[in-house]
Structure formats: C-alpha cells, structure tokens
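One structure is given here, and the rest of the page talks about it.
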Amino acid sequence: MRAGRAAALLWRRGVSTVTHGWWPVGAHYRAGVPASASPSRAVLDVAGHAPLRPAARTALLEAFDQGWADPRRLYAEARRARLLLDGAREAVAAVVGARTEEVDLLPTHTAALHAGVRSVARGRRRHGADVVVGAVERAAVHAAASFVAQRGDGVVARVPADRHGKVDADALAAAAGPRTVLAALQHANGEVGTLQPVAAAHDALRRLGVPLLVDAGASLGHVEVGPAWDVLAADAGDWGGPPLGVLVTRAGVRRSPDWPEDEDRWSPGGVAVPLALAAAVALQDAVAGRAAADVHRRALVEEVRVRVAAEVPDVEVVGDPDARLPHVVTFSCLYVDGEALVTRLDREGLGVGSGSACTSGALEPSHVLAAMGVLTHGNVRLALPVDVRAEDVRRLCDVLPRVVADVRAAAGATGL
Amino acid sequence: MSEDVGPDARGSEADGAADHGAAGWAVDVDARGLRCPAPVLRAAVAARALPAGALLRVLATDPAAAVDLPAWARMRGHAVVRCDRSGDDVVVTVRLGG
C-alpha cells in the first residue's frame with residue numbers, strides 16, 4: 001500500500017517509478033513510532049531538533065522551487081538562488097547585530113563550532129595555541145579546543161562551573177595568557193538552562209586582546225543574545241528551522257582556514273539554499289514571537305521546578321533558578337536509573353531527554369552535570385517547544401511521582 | 001586506588017565487614033563493576049543500618065560514581081571525607097550525618 005501511494009505521488013509529478021526500488025516500504029510501521037500529531041503524545045525535549053515552524057516549512061518548499069540552482073553559477077536561476085542565500089545571511093545578520101559578510105552558514109551546529117575554533121586558532125597561531133573554555137561548554141567545543149591545542153603544542157584551560165553551572169567571568173579571563181588564541185563561553189547552557197556572564201567575560205578578555213567565541217546554540221531565537229561576542233555560533237534546528245549551523249565572525253577577528261581551498265572559503269561546498277532560507281525565516285518568526293513564547297514557557301518551567309521539588313522525594317532540580325533560559329529545565333532523582341525513567345515516561349506518551357550515562361550508550365555521564373557536582377543518574381531534561389501545551393507539562397508533573405516511585409521500587413530503593 | 005584500601009579491606013554490606021575502628025564504625029561497600037545508580041543504592045542501604053558519625057567507604061568503578069556518591073552525600077546530609085580516583089577505581093569515604 002505504501003509503495004502504491006508513493007507511485008501515485010510520483011506519477012502525478014510525471015516521474016517514473018521504475019527506478020524507485022529503494023522506497024522504504026512500511027518503514028514507518030516497523031519503527032513503531034506513533035504519529036506525532038497524536039493528542040496523547042508530547043515531546044518535551046526538542047533542544048537542537050525543534051519541530052519545523054510552519055513559516056519555515058512554507059519557505060523551504062518555495063525555496064525548493066525558486067532556489068534550487070547552484071548559487072555559484074551565472075545564469076538567471078543561479079543568480080536567484082544567490083539572492084535567496086544572501087537574503088538569508090542578511091536576515092540572520094540583522095537578528096544578531098552583524099554585517100551580512102560576517103555570517104557563514106555550515107551544514108551543522110557542530111561544524112560551525114569546529115570551524116569557529118579552528119579558523120581563529122589558525123589565524124592567531126603566531127600567539128600560540130592555548131585555548132580557554134568553560135567546563136560546561138558543548139562537547140564539540142571541548143573537542144575542537146583539544147584538537148587545535150594538541151596540534152600547536154598548546155594547552156586547554158577548562159574553567160570550572162559552580163553548582164548552578166555558571167562559569168566565573170574573572171576566572172575565565174584569569175586563565176588566559178599571552179599564548180591564548182581563543183576563549184569560549186556559551187551564552188547559556190542547553191542542558192541546565194543557566195545563563196553565562198558573557199558580557200563580563202567579553203569585557204575582561206577584550207582588555208587582554210583574546211577573542212571570545214560564544215556558543216548561542218541553546219539561546220538564539222529564545223532570548224536576546226546581545227553584542228558581547230567576537231565569534232558567535234548558533235543552531236537553526238534549535239529555533240524551529242531545518243538543521244543548519246550559523247557562524248558569525250566579527251570583521252576584526254583574525255582567522256584563517258585550516259582546510260582545503262574552496263570558492264566558499266569559510267564553508268567549503270556551501271549549504272543548500274532552501275535550508276538557508278528556511279533557517280532565516282524560522283529565526284525571524286522565532287524573534288517575532290519571542291516575548292510571548294518566553295512568558296508561556298517560563299511559567300511552565302517554573303511550575304515544573306516547583307512541583308517536581310515538592311512532589312517527588314529525593315530529587316534535585318538543577319540550574320540557576322533565576323538567570324536561566326525560558327524553556328529548559330533539568331532535575332535528577334536519587335536511586336533512579338535514567339534510562340528506565342525515560343522509557344517509562346515515553347510509555348506514558350511523554351518524550352524527555354536525560355544526561356544520565358546509561359541513556360546515552362556512553363559510560364561517562366553528562367560532563368555538564370559532573371562539572372556542577374550534581375547527581376548524574378536519574379536525570380530528566382526538558383527543552384520545551386514554543387507551542388508546548390500546558391496540559392502536557394502538567395501531565396508530566398502529575399505522573400512523575402508515581403513513575404519515579406515505581407522505578408525505585410523495582411530497583412529495591414525504598415525506605416532509604 | 002588510595003593506599004588505605006587494599007584487597008583485604010574489601011567487603012560489602014552483605015559481608016558485614018564492619019569494625020569498631022578508632023574513628024568509630026567503619027564499613028566498606030564494594031560496588032565495583034556495578035553501573036549507576038547501583039553504587040549509590042548500595043551505599044544508601046549500608047548507611048541505613050549505621051549510626052550517625054559512622055564512616056562509610058564505597059568502592060566503585062563506574063565513572064559516574066565519582067560525581068554521584070558525593071552528590072548523594074550532600075543531598076542526605078553526610079560529609080565526604082575523601083574522594084580518590086585512580087585508574088578505573090573510585091573510592092569515596094563519607095561520615096554519616098544524623
């Protein structure tokens with residue numbers, strides 16, 4: 001039946017089905033995933049992978065018609081694709097307060113972070129190869145910092161975070177020395193929601209002449225990111241665009257590619273024009289609705305923080321209670337296996353994330369929770385979508401005490 | 001591994017490897033080879049049977065234990081006396097609160 005429908009669709013578009021033996025017949029049924037529109041299901045963990053905004057979806061489809069051509073070529077269709085691509089960069093530049101030529105688009109957020117660290121380290125290599133990073137930066141930042149430091153006989157200074165996950169701005173600046181080529185501090189932590197003191201860090205580092213890379217992957221589209229950065233990275237997938245990395249480098253920052261030459265010097269091979277356009281439209285849409293989404297989600301996050309702390313015994317709600325993102329909330333339950341908790345909640349129709357080791361297939365738990373010194377097992381992480389329904393968040397709060405008690409009872413963790 | 005924990009000091013709450021040392025009750029919990037939250041669970045079960053002020057030493061190999069045992073102690077009002085990590089081994093000693 002699936003193949004028949006696919007054939008009908010393709011026929012209607014005048015495409016032969018003869019060569020379409022690859023069509024994954026029945027893949028949806030085999031995966032056993034209920035339709036996302038089901039009223040009994042709610043995904044409350046959309047960090048980096050938010051549902052595509054309707055405006056972005058429309059833009060994406062239109063751009064596939066209008067911007068399919070290669071923007072590097074010179075005929076009319078190609079020039080139209082180039083206009084759409086430059087328009088997308090201009091729109092992103094306007095939101096972050098930059099010039100269009102300072103904005104580069106890369107295939108993923110990880111690629112943007114890698115390119116940011118590598119190109120600045122390369123451009124400033126006459127100073128050395130030391131890098132300063134906050135302990136709770138994303139794994140891609142830690143990995144890129146180690147990569148460039150190792151290559152140039154430099155060292156990576158990892159600046160500790162406090163119990164709330166906040167990195168001290170003065171400590172970050174104090175860790176920088178004459179051989180430091182770059183410092184990295186995220187705008188906010190995407191796992192626990194804590195805002196970082198990027199303005200103070202940027203001030204202190206500027207006096208030392210060290211550029212600051214700010215990872216706004218969890219912030220842009222949700223809160224005002226501000227001007228306190230020299231290099232900015234962000235993630236279109238997080239604000240309801242298609243997955244796409246954004247890297248903005250201030251004109252004054254010395255950088256140099258450490259990868260092969262390409263016509264698109266800072267993003268070899270470029271990105272698909274329709275994805276770029278949809279990402280920009282999604283960002284404009286996110287910014288237009290940001291104030292309302294902030295009020296809506298901040299109230300629900302506060303409700304989760306209060307109710308979980310009050311209604312679930314032996315639980316620790318983590319992250320700064322006040323200086324935080326509006327949509328992220330995390331807590332850890334003592335004596336509870338994170339994987340069991342996520343699986344049980346999924347069965348209740350609730351999709352949640354976790355920083356516990358057993359949920360990632362890795363042996364090491366979330367380095368963010370570990371750096372904060374908070375419980376890493378029994379962890380639940382929420383990143384609420386903009387249009388999250390209050391009843392779904394309340395349903396989570398309602399079922400959580402029972403689910404946690406069940407998981408504890410199954411593990412023999414009662415009366416402790 | 002810290003010098004004061006050798007194979008002969010091993011035990012578990014089930015083995016009843018408890019003794020009256022100069023520092024009061026001292027008990028070892030061997031949670032090596034167990035994944036979190038099992039080491040913390042073992043520690044909590046052992047702690048339940050002990051008086052306030054007792055020393056509890058937990059041996060584990062799960063990397064999460066180095067974070068989770070001190071976090072458990074903090075949440076339960078116990079004091080971490082020492083926390084050693086050597087190779088794959090984690091040894092956390094806590095003095096139980098009231």
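Give the residue, chosen from A:Val225, A:Val148, that is under 21 Å from A:Val328 (Cβ atoms), of a type in the set (A, V, I, L, M, F, W, C) and either outside any strand (DSSP E or B) or in contact with a Gly (Cβ under 6 Å, 6 or more places away or on another chain) (or both). Even if it seems obvious, please write down each step before you answer.
Working: A:Val148 fails: under 21 Å from A:Val328 (Cβ atoms).
The conditions single out A:Val225.
Restricting attention to region A:230-241, which residues are in a loop (DSSP other than H, G, I, E, B) and either under 12 Å from the mean Cα position of the chain (by Cα) or not assigned by TED's automatic domain parsing to the domain that holds A:Leu185 (or both)? Talk me through it step by step, then tell me what you get.
Of the residues in region A:230-241, the ones in a loop (DSSP other than H, G, I, E, B) are A:230, A:240-241.
Residues satisfying the conditions are A:Gly240, A:Gly241.
Just one of A:Leu369, A:Leu341 is within 12 Å of another protein chain (Cβ to nearest Cβ), in contact with a Cys (Cβ under 9 Å, 6 or more places away or on another chain) and crowded, with 18+ Cβ neighbours inside 10 Å; which is it?
Numbers: A:Leu369 fails: in contact with a Cys (Cβ under 9 Å, 6 or more places away or on another chain).
Exactly one of A:Leu369, A:Leu341 is within 12 Å of another protein chain (Cβ to nearest Cβ), in contact with a Cys (Cβ under 9 Å, 6 or more places away or on another chain) and crowded, with 18+ Cβ neighbours inside 10 Å, namely A:Leu341.
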Determine which member of the set B:Leu34, B:Leu55, B:Leu41 is under 17 Å from A:Val374 (Cα atoms), modelled with pLDDT of 50 or more and buried (at least 16 other Cβ atoms within 10 Å of the Cβ).
B:Leu41
So is A:Pro257 surrounded by fewer than 18 Cβ atoms within 10 Å (Cβ to Cβ) and on the phi < 0 side of the Ramachandran plot or not?
yes
Take the residues in region A:388-416 that are within 14 Å of chain B (Cβ to nearest Cβ) and of a type in the set (Gly, Ala, Ser), then tell me which one is surrounded by the most Cβ atoms within 10 Å (Cβ to Cβ).
A:Ala413
Reported set for region B:67-88 where residues are in contact (Cβ under 8 Å) with a residue 60 or more places away in the chain and either surrounded by 19 or more Cβ atoms within 10 Å (Cβ to Cβ) or touching a strand residue (DSSP E or B) at 6+ places or on another chain (Cβ under 7 Å) (or both) is B:Arg82, B:Asp84
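Can you name every residue in region A:292-316 that is farther than 30 Å from A:Asp406 by Cβ and exposed (fewer than 15 other Cβ atoms within 10 Å of the Cβ)? Let's see the steps before the verdict.
First pass over region A:292-316, keeping only residues farther than 30 Å from A:Asp406 by Cβ: A:292-296, A:298.
Those that are farther than 30 Å from A:Asp406 by Cβ and exposed (fewer than 15 other Cβ atoms within 10 Å of the Cβ): A:Ala292, A:Val295.
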Let me confirm something: among A:Gly319, A:Gly289, A:Gly269, which residue is surrounded by 19 or more Cβ atoms within 10 Å (Cβ to Cβ) and small (Gly, Ala, Ser)?
A:Gly319
Qualifying residues in region A:191-215 (those that are touching a residue at least 40 places away in the same chain (Cβ under 8 Å) and outside any strand (DSSP E or B)) - the one farthest from A:Asp238 (Cα to Cα)
A:Val210
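The values are calculated or read from the model by the stated rules, or taken from the named source; none is laboratory data. Since the structure is predicted, the reported quantities are computational estimates derived from the model, not experimental observations. Here the Cβ is made from the backbone with ideal geometry for all residues, glycine too, and neighbour counts use every protein chain on show.
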